[in-house]
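Undergrad: Just passing along the structure, written as structure tokens.
Just so you know, all these numbers are worked out from the coordinates, no wet-lab data involved. It should be emphasised that the depicted structure is a prediction, and the values quoted were computed from it without experimental measurement. Here the Cβ positions follow ideal geometry from the backbone for every residue, glycine too, while neighbour counts run over all protein chains shown.
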Amino acid sequence: MALETKNIAKTQLQAEVASLKAVGYRFVTLSCVDLGDSFDLIYHFDRELQMTHLRITVLKGDTVPSISNIYFAALCIENEIKDFFGISFDGLILDFGGHFYLEEEVKRYPFCKVSVKEPQAAKEGN
Amino acid sequence: MGFFTKLLETSRVKSPWIVHFDCGSCNGCDIEILACLTPIYDVERFGILNIGNPKHADILIVSGTVNHRNAKVLRNVYDQMPEPRAVIAIGACGTSGGIFREAYNVVGGVDKVIPVDVYVPGCPAKPEAIIDGVVLALGKLKEQRTAKDTDSLAAELHQAREFYANRADRQVVE
Amino acid sequence: MSTIIPFGPQHPVLPEPLHLKITLKDEIVTDAIPMLGYVHRGLETLVSIKDLDQMVQVVERVCGICSCIHAHTYCMCVEGILGIEIPKRAEFLRIIWSELHRMHSHLLWLGLLADAFGMESLFMHCWRIRERVMDVMEATAGNRVIISINKVGGVRRDLSPDQLRWIAQVLDELERELDAIKPVLTNDYTVKKRTVGVGVLTKEQAYELGAVGPTLRGSGVAQDVRMTGYGAYKFIDFEPVVEKDGDSYARTMVRFRELYQAIDIVRQLIRKLPDGELSVKVKAAKPEGEIVCRSEQPRGELLYYVKGNGSKFLERVRIRTPTFANVPPLLAMLPGIEMADVPVVALSIDPCISCTER
Amino acid sequence: MFDMTRTIIANFFSKAHTRLYPLQTREPFPNVRGNLFNNIEECILCGMCQKRCPSQCITVDKESQTWQVDPYACVYCGVCVEHCPVHCLFMESPYRKPAAEKVMNRLVQVQGPAKKTKGAAQ
């Protein structure tokens, strides 16, 4: 079952989100998937229990414009994704600097595919 | 003096005070610990009192897995407790890490950070099991009282004083 | 002069480590910054080592209080990708247990709130009533809190006619007990003094900041994901509970009235429960594709995003829990209230930190 | 203002709700998932439980003919019981008692099941 998403470019994001807000959509959340050499960012919006999804694909190491100036609620989730995937957001109103959830000891960006295998290897070493 | 020490020791075992700290628990064990305090199980029958302050507590109940961030808090709570003290690890997560022990941010059971006296298995542990665990921990408290010496107490007091002198969290900003 | 006070992580009122850095001017809160991560386990990464069926047990342990609904939503997602239609009886049974979870969660929260403003006797009464629901859970599903009832393709246990009769009887008793504490919540001076007008969230604020569940409905927006009719909710008549004021008292009343609503829903489900199989066989499932499913937890709207890559391990499971959405509204409620009201307001969103941080 | 008071006074004259736990133990409900056990002499050591366990707490060793469960990592979900092909796993209703030291539940098979000797011997 496919998820119907509207694919847009990174530069269109701010304008697209602002137009959704203008017609009464509220921000639900943002999902991020590691595709190997790029990330899929899926923005979920909701209006009267009808959902609409925007998808942008960014290369690793790219920055994404933050939508926390449009929806304040996006603040937490953007910080979370910064922790987990290492994607930098431009113009985040409150930046925890990648330590929203994680302490110094934990390796960086645990949700990226390369690093997911590491804890297993470390466990076997114990 | 001997009489008062004895009285103190007896009262400690007769009415242990408990502090509960939730590490990375899923809430399942937490609500079972709280359920022990409520009318159906009512551990206050035994003089067991749940208090929020580790400095007054004899027994530390820990539920949930330890991760890197709350390990420091757990250590801190444990250090603030006066001797003799006992630690109870509740649930599969508290005893070994349970289903999460392969996750990246999980250190493991409580015993990786602080010494644990009683392990209560279950996912979540039943209130009856938690009461049993507290009773077991009381035995530990009784044994520990002879091992107490004043030097280590004085050292701990000094450590605690230094901690409070250098406390960074509560600063006053102009 | 302003003072910064840490609220939590170990706090007598909240059993969970919520940490707020609160800036005070005299006694009034001017700013609050959440510090999360004390319960973060990273269980979303476990998809790469636990297969489809094992993940059901993992997502149940995202949060113990609403474990059944987590597993239900996860199973809905996987069944949606695989295109499996589960038996009607299984759908009804899932909702029965979900609504029982909602009851015990709301009663638990009501007790905690009463404890937060020092009304010990109400706390005791709520938790005593709650034990009846726990007994139902233990007798029917085999465990008190995490009941492990869902599996991909259906449910694992059945309810016998005797058990259904017993549940109906317990519900009657529950309703009587709730009637006994109802005047306390509606008239009592202590309750009203601590909650009315405290932590106000206006309708516009709530909508824009993305509040969900009772926090949103307490502000006058009638939004309940159960209205979309997922699972067996399409066969059930119910109206979302809405209060207008948007303060802590409104949120309390929403949850209290939802208790009656949940009792009513379970009664309807028992009456309409069809016969049939409990589960369909799912053999060597290799889901491919992505899906978004939503459901209504006791705390609000839960969203799962699941992506499969054609192997028995899923590519990604993304969980957006209701408390995560309710943190920005909480930050909006805190400025302007007194320090002593912070625990009550923080509790009024029914925070579930283990959900938030997963 | 005195709404609670009425209930409280009523409670003085009703039966106590408290279960006096250590003095009176309540019978556990049937089918409650408690301690996990294995009828080791019927076990064919197929390792299905080990494969299915979400918590990876079961270890089956065919060579030394042992079946071991870590009860401190077990999440009491009962998945292994459902997937056991010979139905030799079962969950007892009483919960596992707390202990001061972790003791694994380790069972050694002395003599395999009579019928399917093929599975046990290898």
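Undergrad: Which of C:I33, C:I96, C:I86 ends up with the largest GNM mean-square fluctuation for chain C, with Cα atoms connected below 10 Å?
TA: Fluctuation is largest for C:I33.
Undergrad: Exposure proxy check: C:D224, C:D179, B:D132 ranked by fewest other beta carbons within 10 Å?
TA: C:D179, B:D132, C:D224
Undergrad: Let me ask something else. If neighbour count is taken as other Cβ atoms inside 10 Å, put D:E101, C:E301 in order from fewest to most.
TA: D:E101, C:E301
Undergrad: Run lengths n ≥ 4 of DSSP H only: what is the helix-derived mean residue ellipticity at 222 nm for chain B, with -39500 (n - 2.57) per run over all residues, to the nearest 500?
TA: -14000 deg cm²/dmol
Undergrad: Given a cut-off of under 8 Å on Cα pairs at least six residues apart, what relative contact order in percent is computed for chain C?
TA: About 25 percent, as a whole number.
Undergrad: Using Cα-Cα distances under 8 Å and only pairs 6 or more residues apart, what relative contact order does chain D have, in percent?
TA: Relative CO of chain D lands at 33 percent.
Undergrad: Also: State which helices in chain C qualify, where a helix is a whole DSSP H run, it must extend 20 Å or more along its own axis by its Cα atoms, and its mean Kyte-Doolittle hydropathy must be at least -0.5.
TA: C:67-82, C:88-116, C:120-141, C:161-187, C:248-272
Undergrad: Calculate, in whole percent, how much of the Cα-Cα pair population of the protein assembly as shown lies beyond 49 Å.
TA: Cα-Cα pairs of the protein assembly as shown separated by over 49 Å account for 14 percent.
Undergrad: In nm, to one decimal, how far is the C:V280 label point from the A:N69 one, both placed 7 Å along Cα→Cβ?
TA: 4.9 nm
Undergrad: Evaluate the charge dipole of the stretch B:50-159 about its Cα centre and quote only its size in Debye, nearest 20, assuming +1 on the Cβ of each Lys and Arg and -1 on the Cβ of each Asp and Glu.
TA: 240 debye
Undergrad: For peptide C:14-22, what's the mean number of Cβ atoms from other chains within 10 Å of each residue's Cβ?
TA: Mean inter-chain Cβ contacts per residue within 10 Å come to 4.
Undergrad: Another question, then. Hey, what's the per residue convex hull volume over the C-alpha atoms of the stretch D:28-121, in cubic angstrom?
TA: Convex hull of Cα atoms, per residue: 98 Å³.
Undergrad: Residues of C:293-306, mean number of Cβ from any other protein chain within 10 Å of their own Cβ, rounded to a whole number?
TA: For this peptide, the per-residue mean of nearby foreign Cβ atoms is 2.
Undergrad: Once fully extended, how much extra length lies between C:E175 and C:K193, figured as 0.36 nm per residue of separation less the alpha-carbon to alpha-carbon distance?
TA: Full extension from C:E175 to C:K193 adds 3.9 nm.
Undergrad: Tilt of helix D:3-12 relative to the longest C-alpha principal axis of chain D, in degrees (0 to 90, nearest 10)?
TA: The two axes meet at around 70 degrees.
Undergrad: Separate question: Helix-derived [θ] at 222 nm for chain C: sum -39500 (n - 2.57) over DSSP H runs of at least 4, divide by residue count, nearest 500?
TA: Computed mean residue ellipticity for chain C: -15500 deg cm²/dmol.
Undergrad: Okay, next question. Given Cβ point charges of +1 (Lys, Arg) and -1 (Asp, Glu) and nothing else, what value in debye, to the nearest 20, does the dipole of the protein assembly as shown about its Cα centre take?
TA: Here the size comes out at about 1380 debye.
Undergrad: Magnitude of the Cβ-charge dipole of chain C, K/R +1 and D/E -1, about the Cα centre, nearest 20 debye?
TA: The dipole magnitude comes to about 840 debye.
Undergrad: Where a Cα-Cα gap under 25 Å defines reach, which lysines qualify for B:K6, not counting those fewer than 8 residues away within the same chain?
TA: Within the straight-line cut-off, B:K6 pairs with B:K14, B:K55, B:K140, B:K142, B:K148.
Undergrad: Can you give the direction-averaged projected area of the convex hull of the alpha-carbon atoms in the stretch C:240-358, in nm²?
TA: Spelled out: convex hull of the Cα atoms, projected over all directions, averaged, 10.6 nm².
Undergrad: Could you give the alpha-carbon Rg of the stretch B:1-149 over 2.2 N^0.38 Å, rounded to two decimals?
TA: 1.02
Undergrad: Here is a follow-up. Would you work out which of C:G213, C:Q169, C:L82 lies farthest towards the positive end of the dipole of chain C? Charges go on Cβ: Lys and Arg +1, Asp and Glu -1.
TA: Of the listed residues, the answer is C:L82.
Undergrad: How many times 2.2 N^0.38 Å is the alpha carbon radius of gyration of chain C?
TA: Cα-based Rg divided by the globular estimate yields 0.99.
Undergrad: Can you compute the equivalent ellipsoid semi-axes for the stretch A:9-87, i.e. the square root of 5 times each eigenvalue of the Cα gyration tensor, sorted largest first and rounded to whole Å?
TA: 21, 12, 12
Undergrad: So how many Å³ per residue does the convex hull of the Cα atoms of the stretch A:28-71 work out to?
TA: So the per-residue Cα hull volume is 67 Å³.
Undergrad: Please give the calculated 222 nm ellipticity per residue for chain D, where each DSSP H segment of at least 4 residues contributes -39500 (n - 2.57) and the sum is spread over every residue; nearest 500 deg cm²/dmol?
TA: So the calculated ellipticity at 222 nm is -5000 deg cm²/dmol.
Undergrad: Lysine pairs in the stretch D:28-121 8 or more apart or on different chains: how many have alpha carbons under 20 angstrom apart?
TA: So the count of such lysine pairs works out to 4.
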